[in-house]
Amino acid sequence: MNNPPNDAVGATGKVKQAIMVWDIPVRVSHWLLVICFAGAWLSSESESWILIHYAFGYTACLLVLIRLVWGLIGTRYARFSQFLKSPRAVIEHFMAMLRGHPHHDIGHNPAGALVMLVLMLLILLIGFTGYLSVKEFLGNFASEAHEAVASLALGLVIIHIIAAIGMSLIERQNLVRSMVNGKKQGMPEQGIRYPQYVIGALIFLGALYFFYLILSSGLPSLTQ
């Protein structure tokens, strides 16, 4: 019988297996946010699609707020307390990557966690500057700031995608697929027990309803 590779065996001698890491609320929020960001970006240059742009943009902000709350009360690997590290830990992680010896984290690694947090803050800032632009506060400054922050966020998204592909090759597991099925390689005791299907479904339906409300209302309270 063939022995498993060394990196597939934990410190206790147990063989690693596919375990549940990302719960449904994390996955739903992540992929809906991807759709909203892409939709807002693609609809930003067309006046005829302006309500669709608003709907995608404000729904993205709602999803970020939900993810921030879930980061406080969610399952083990969804919580900020599990993956937000000190600046020193982030630097050490980058140095280990440069040396070719990256840390293999079950949840977000320190660098990925930092990028995720910055992206969420940028999306909220995009929504805020977009609101100021619609209300014509601060003249052209708000509109220019809105576009600048959106471009910065897009650049960070591209870096995030490249990093996810790179880390997938380094860790020899598909991190994009992990955010779809929620599973990564680890010890059985490291996995979460409950995927939280009901909360994930509520987030999904709530985001769709919020999108519909903005699209159908024409945003009278925001644009007038």
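Couple of notes before you dig in:
- Residues satisfying the stated conditions in segment 179-206, i.e. charged (D, E, K, R) and either in contact with an Asp or Glu (Cβ under 7 Å, 6 or more places away or on another chain) or closer than 24 Å to ILE165 by Cα (or both): LYS183, LYS184
- Pairs where the first residue, in segment 175-187, is open to solvent by less than 70 Å² (accessible area, probe 1.4 Å) and the second is of a type in the set (Lys, Arg) and not in a helix (DSSP H, G or I), C-beta under 7 Å, 6+ apart: SER178/LYS184; GLY186/LYS16; MET187/LYS14; MET187/LYS16
- Qualifying residue in segment 94-116 (condition: modelled with pLDDT of 90 or more, under 27 Å from ALA38 (Cα atoms), buried (at least 17 other Cβ atoms within 10 Å of the Cβ) and among the hydrophobic types (A, V, I, L, M, F, W, C)): no
- Per the conditions (1) surrounded by 18 or more Cβ atoms within 10 Å (Cβ to Cβ); (2) in contact with a helix residue (DSSP H, G or I) (Cβ under 6 Å, 6 or more places away or on another chain), the sole criterion not satisfied by LEU215 is (1).
- Options ILE161, ILE106; residue that is of a type in the set (Val, Ile, Thr) and within 23 Å of TRP41 (Cα to Cα): ILE161
- SER143 meets the conditions (1) closer than 20 Å to ALA38 by Cα; (2) modelled with pLDDT under 85; (3) small (Gly, Ala, Ser) in every case but one. The failed one is (2).
- Of the residues making up segment 18-49, those that are part of a helix (DSSP H, G or I) and open to solvent by 50 Å² or more (accessible area, probe 1.4 Å) are HIS30, TRP31, VAL34, ILE35, TRP41, LEU42, GLU47, SER48, TRP49.
The values are calculated or read from the model by the stated rules, or taken from the named source; none is laboratory data. Treat the numbers as computed from the prediction; the structure is a model and nothing was measured. No Cβ is skipped: glycine too gets one built from the backbone with ideal geometry, and neighbour counts run over all protein chains shown. Protein only, heavy atoms only, side chains kept; ligands, DNA and RNA dropped before computing areas. Shrake-Rupley method; radii C 1.70, N 1.55, O 1.52, S 1.80 Å.
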